[in-house]
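Student: Quick one: the structure is below, and I'll ask about it shortly.
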Amino acid sequence: MTHARAHPNIALVKYWGKQDKPGNLPATPNLSITLDNLATDTVVSTHHQDEVWLNQKQVADQKIFRFLEELRSEFELAPIRIETSNNFPTGAGLASSASGFAALICAINQHADLGLNADLMSDWARRGSASAARSLFGGYVALVPPLWRAQPIAPASHWPLKTVVAITNETQKSISSSEGMERSRLTSDFYTPWLRGAGDDFAAAFDAINNKDFAALAEIAELSCLKMHSVMLTSLPTLSYWNPATLACMDAVRELRNQGTPVFFTVDAGPQVKAVCEPQHETRVSEVLTQVPGVIRTITCGLGNAAHIVEP
Ligand code: PMV
């Protein structure tokens, strides 16, 4: 029995769209932070058949079954039972598939003695869910060509930012990210300009992190998020992940900034808002977001560490 833990990550420079070739490769370079207080715990054990249990319920997760099939095309892997659970809402735009596939490959690697290093685990995690490649590492992480294995670009200690996650709806989204991205690629007029701008956005965020330039990072992260949502919204049929509380949280973050609190928001394929700030502003940001109508609760996170084995 092997137990692994991985944390979700949120992209500050997003990817939305994949390359038209095998390997589940993002179309654009992207960059994230790993979050410490959200976690996926995955236990893998030998079993007479493959079974997946998610949050204590048996599920027929086709993405996981396909992932096991792909692994078996390269490695000997006897049937396994996978028990995975999240300490946060699953499939609701909080990157549970990122931490999920990162924890899964980490557990299988140890259980079946695959001998993969972190780079190769990142490569495998990406095939399950591209953003999962980034959750193999802690702190600030980039997923870039040519290999499309994630790379840590700075440890958490470099610039220990905090993220206040405002949960506005805990239910699972109806359209998966993969399906949504493909729809955008095929139908949104904004898709090509979005691809064209991604390299510059990545470079600007990379520099801002290196220089610990909060204002620069805030500007580029919000812009990347809003460009991605513009692509989503202009897809046919539209992909609208926001609810009124999402918009209210974004306004509250802008208002805090106008009043002098350095904070920025980012939103993924779901209605939750993540507000990023320096540690001294975390309490204020959390107080304000908790009071926004429609916010169910907030969870404050620091920067998390890499996916790892949990010793018994
Ligand atoms: O790789 P996926 O299928 O988990 O999709 C991730 C999509 C976003 O979270 C919206 C963007 C990103 O770069 O993480």
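The values are calculated or read from the model by the stated rules, or taken from the named source; none is laboratory data. In this text, all values refer to a predicted model and were calculated from it rather than measured experimentally. Using ideal geometry, Cβ is built from the backbone for each residue, glycine included, and neighbour counts are taken over all protein chains shown. Side chains included, ligands, DNA and RNA excluded: accessible areas come from the protein's heavy atoms. Shrake-Rupley method; radii C 1.70, N 1.55, O 1.52, S 1.80 Å.
Student: Which value in Å does the Kirkwood hydrodynamic radius of the stretch 1-88 take, with 1/r averaged over all unlike C-alpha pairs and then inverted?
Tutor: Details: mean 1/r = 0.0660 Å⁻¹.
By the Kirkwood definition, the hydrodynamic radius is 15.1 Å.
Student: How compact is the chain by the rule of thumb for globular proteins, expressed as Cα Rg over 2.2 N^0.38 Å? Before the final figure, lay out each step's value.
Tutor: Working: Rg = 18.6 Å, N = 312, 2.2 N^0.38 = 19.5 Å.
The chain yields a ratio of 0.95.
Student: Pop out the carbon and sulfur fraction of the accessible area of the stretch 1-156 as a percent, whole number, probe 1.4 Å.
Tutor: Values: 2910 of 5910 Å².
Carbon-and-sulfur percentage of accessible area, whole number: 49.
Student: When only Cα pairs under 8 Å and 6 or more residues apart are kept, what is the percent relative contact order across the stretch 102-241?
Tutor: Numbers: 132 pairs, mean separation 22.0, N = 140.
Dividing the mean separation by the residue count of the stretch 102-241 yields 16 percent.
Student: Among DSSP beta bridges whose residues both lie in the chain, state the antiparallel percentage, nearest 5. Kindly include the intermediate steps, with their values, before the conclusion.
Tutor: On the way: 45 of 49 bridges.
For the chain, the DSSP antiparallel bridge percentage is about 90.
Student: Can you work out D for the stretch 181-268 in µm² s⁻¹ from Stokes-Einstein, where Rh is the Kirkwood radius over C-alpha pairs, the temperature is 4 °C and the viscosity is 1.567 mPa s?
Tutor: On the way: Rh = 14.1 Å.
My calculation gives 92 µm²/s for D.
Student: Using alpha-carbon positions, what is the distance between the centroids of the stretch 200-262 and the stretch 2-73, in Å?
Tutor: The distance from the Cα centre of the stretch 200-262 to that of the stretch 2-73 comes to 25 Å.
Student: Can I ask one more? For the stretch 162-301, what % of the accessible area comes from carbon and sulfur atoms, probe 1.4 Å?
Tutor: Numbers: 3320 of 6340 Å².
Here carbon and sulfur together make up 52 percent of the probe-accessible area.
Student: How large is ³J(HN,Hα) for each residue in the stretch 291-300, as worked out from phi by the Karplus curve 6.51 cos²θ - 1.76 cosθ + 1.60 (θ = phi - 60°), to whole Hz, x for Gly and Pro?
Tutor: With coefficients 6.51, -1.76 and 1.60, one gets 8, 6, x, x, 7, 7, 6, 10, 10, 9 Hz.
Student: Moving on to the next point. For a paramagnetic label modelled at 7 Å from the Cα of Gln56 toward its Cβ, which residues of the stretch 268-312 fall within the zone defined by backbone nitrogen distances under 20 Å?
Tutor: No residue passes the distance filter.
Student: Among 102-109, 21-28, how do they line up from the highest to the lowest mean number of other beta-carbon atoms within 10 Å?
Tutor: On the way: 102-109: 29.8, 21-28: 15.8.
Top of the packing list down: 102-109, 21-28.
Student: What number, in percent, do you get for the relative contact order of the chain if the mean sequence gap of Cα pairs under 8 Å and at least 6 apart is divided by its residue count? Don't skip to the answer; put the middle values down first.
Tutor: On the way: 700 pairs, mean separation 79.9, N = 312.
Once normalised by length, the contact order is 26 percent.
Student: Follow-up. From the mean inverse distance of alpha carbon pairs (Kirkwood) and the Cα radius of gyration, derive Rg over Rh for the stretch 183-233. Walk me through the numbers on the way to the answer.
Tutor: Numbers: Rg = 12.2 Å, Rh = 11.5 Å.
Ratio of gyration radius to Kirkwood radius: 1.06.
Student: Pulled fully out, how much extra length does the chain show between Leu226 and Ile309, if you take 0.36 nm times their separation in residues and subtract their Cα-Cα distance?
Tutor: Numbers: separation 83, 0.36 × 83 = 29.88 nm, distance 3.60 nm.
Extra length from Leu226 to Ile309 when fully extended: 26.3 nm.
Student: Could I ask something else about it? Show the residues, 5+ positions off or on another chain, whose built amide H is closer than 5 Å to the amide H of Val273.
Tutor: Ala166, Thr168
Student: Any idea of the accessible area per residue across the stretch 129-181, 1.4 Å probe, to the nearest Å²?
Tutor: Details: 1960 Å² over 53 residues.
Here the residues of the stretch 129-181 average 37 Å² of exposed surface.
Student: Also, quick follow-up: When the Karplus curve 6.51 cos²θ - 1.76 cosθ + 1.60 is applied with θ = phi - 60°, which whole-Hz ³J(HN,Hα) does each residue of the stretch 172-187 get, with x for Gly and Pro?
Tutor: Coupling constants for the stretch 172-187: 6, 6, 8, 10, 5, 4, 4, 5, x, 4, 5, 4, 5, 4, 7, 10 Hz.
Student: Here's a follow-up. Can you tell me the mean projection area, over all orientations, of the convex hull of the stretch 89-161's alpha carbons? Units nm², please. Before the final figure, lay out each step's value.
Tutor: Details: hull surface 22.2 nm².
Over all viewing directions, the stretch 89-161 projects a mean Cα-hull area of 5.6 nm².
Student: Along the charge dipole of the chain, which of Ser240, Leu223, Leu94 sits closest to the positive end, that is, farthest toward it, with unit charges on the beta carbon of Lys, Arg, Asp and Glu (+1, +1, -1, -1)?
Tutor: Ser240
Student: Next question, about the same structure. With an 8 Å Cα cut-off and a minimum separation of 6 or more residues, compute the relative contact order for the stretch 162-301 in percent. Could the numbers behind the result be given before it?
Tutor: On the way: 200 pairs, mean separation 57.3, N = 140.
It comes to 41 percent, rounded to a whole number.
Student: Let me ask you something else. So what's the angle, to the nearest 10 degrees on a 0 to 90 scale, between helix 96-111 and the longest Cα principal axis of the chain?
Tutor: 30 degrees
Student: Right, here's the next one. With the Cα gyration tensor of the stretch 2-155 in hand, convert its eigenvalues to equivalent ellipsoid semi-axes via √(5λ) and list them largest first in whole Å.
Tutor: Details: eigenvalues 108, 60, 39 Å².
Ellipsoid half-lengths, sorted descending, are 23, 17, 14 Å.
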